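Q: There's a structure below that I have some questions on.
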Amino acid sequence: MNIICLRGSRLRSIVAAVAALMAVLAMTVGATAAAPAIAGTLTDQVHALDSCRADVQAAQRTLEDGTGSVLYLVFVDSTGDQDMSAYVNDLIDRSNGQVSEQDALLVVATGDRQYQLYTGEQLKDRIGASEQDSLAQTYIVPALKTSDWCAAATGAAV
C-alpha cells in the first residue's frame, strides 16, 4: 500500500485547485434562470413596471373586458442560458393552466434585451399572425428598444 504524503505548498496548491473547480461548478449550476411561477396577470421580478403598474393593469383589464383574452406579463432580468422559447414554455408549464389557449403572454428579459409574445391557439386563430406581428412592431419593439417597459406592457394590451 502506498501512502501519499503531501507537504505544505503542494497541499495548498491542490486545495486551491479543488476550491477553484468547485467555484466554477457553482457558477455553472446557477447559470440557468428558473422560470418564475406566474403570480396573477403581472409578474415583475425586476420592478420595471413599478411606476406604471396601475396603468398597465388597467390596460390588461380593458383588453380582457373587450376580448375575453387575458394578457399575462412577466418581466425578469434574464433567462439564464435558456433560449427565450424554452423559457416561455417553462412559464406556461408552471402556470398550472392559468395561461389558456385564448390568452397572451408577454415575457421580457430586461437584462438580456429579449422578449417573446406568446399567443394561445384560440387567440392566434382570432387575430392572425400578421396582426400579432403588427402589434409587436408598432407597440412592443419600439418601446423595448428605448427600455420603455411601461409602454411595451401597455402596448401589448392594445
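Q: By how many nm would the segment from Asp55 to Glu121 grow when fully extended, if each residue of separation counts as 0.36 nm and the alpha-carbon distance is taken off?
A: Contour length minus Cα-Cα distance gives 21.0 nm.
Q: Hey, another quick one. What is the sum of charges around Val76, taking Lys and Arg as +1, Asp and Glu as -1, for the other residues whose C-beta is under 9 Å from the C-beta of Val76?
A: Details: positive: none; negative: Asp44, Asp77, Asp112.
Neighbourhood net charge equals -3.
Q: On to the next question. On full extension of the chain, what length is gained from Ser100 through Val46, given 0.36 nm per residue of separation minus the C-alpha to C-alpha distance?
A: 17.0 nm
Q: Looking at region 23-158 from every direction and averaging, what is the projected area of its Cα convex hull in nm²?
A: 8.3
Q: Could you give the nm distance between label points at Thr62 and Ala86, where each point is 7 Å from its Cα heading toward the beta carbon?
A: 3.8
Every read-out reported here was derived from the displayed coordinates using simple, explicitly stated rules and does not represent laboratory data. Treat the numbers as computed from the prediction; the structure is a model and nothing was measured. Counting neighbours? That spans all protein chains shown, and the Cβs are built from the backbone with ideal geometry, glycine included.
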